[in-house]
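A.B. asks: One structure follows; several queries about it will come next.
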Amino acid sequence: MGPERPERGLLVVGVYGTLKRGHANHRAFLAGFPRVRAGAVRIPFRLFGNEEYPMLVPAREVNAVVVETYRVDAETVSRLDAFEGQFGYRRVEVVPEGEADPVAIYVHPGPPPPDFVPAPGGEWHGEPAAFAGALARVQNRDR
């Protein structure tokens, strides 16, 4: 793990896709930060996805979404905001049902694209390698 980070000034972020351990963006953004917990939280959003990436969109009902939560510093939050923002995601704070503390999570206003399907059990199981192709297409489109 990296250098000690003071508790003060840290934010708990919940990730559910390419930022999870073992996926394409974890090392670039979250390596070295302590994982607080992993498991389902109940929030008023619904998870959809394809094999390249997931999309968490607002829902009228509360749904289970499987997330990993990390304590990160302000610089990392800023980097995550910029990264997620380029794809239309925004950071919101939610208090999972039955919990007292808020979690920052990145959501998309939706609706999900037609090729996206609801994530079974609220957990995305996309292919880490597939995201690299999706990211390359976005970067090439922006040139």
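A.B. asks: By its C-alpha gyration tensor, with a ≥ b ≥ c as the square roots of the eigenvalues, how is the stretch 55-123 shaped: rounded for a/c under 1.5, else prolate for a/b larger than b/c, else oblate?
C.D. replies: oblate
A.B. asks: Further question: Rounded to the nearest angstrom and ordered from largest down, what semi-axes does the equivalent ellipsoid of the stretch 11-141 get from its C-alpha gyration tensor (root of 5λ)?
C.D. replies: 21, 19, 13
A.B. asks: Given R₀ = 25 Å, FRET efficiency for V12-E61 by Cβ-Cβ distance, to 0.05?
C.D. replies: For R0 = 25 Å, the calculated efficiency reads 0.55.
A.B. asks: May I pose another question? So between D115 and E99, what do we pick up on full extension, going 0.36 nm a residue minus the alpha carbon distance?
C.D. replies: Taking 0.36 nm per residue and subtracting the Cα distance, the gain is 2.4 nm.
A.B. asks: A follow-up question, please. Taking the dipole about the Cα centre of the stretch 11-141, with the C-beta of Lys and Arg at +1 and of Asp and Glu at -1, give me whichever of A40, V13, T76 is farthest to the positive side.
C.D. replies: Result: T76.
Rule-based calculations on the coordinates, nothing more; no lab input. The structure displayed is predicted, hence computed values, not measured ones. Note: ideal-geometry Cβ built from the backbone for every residue, glycine included; neighbour counts use all protein chains shown.
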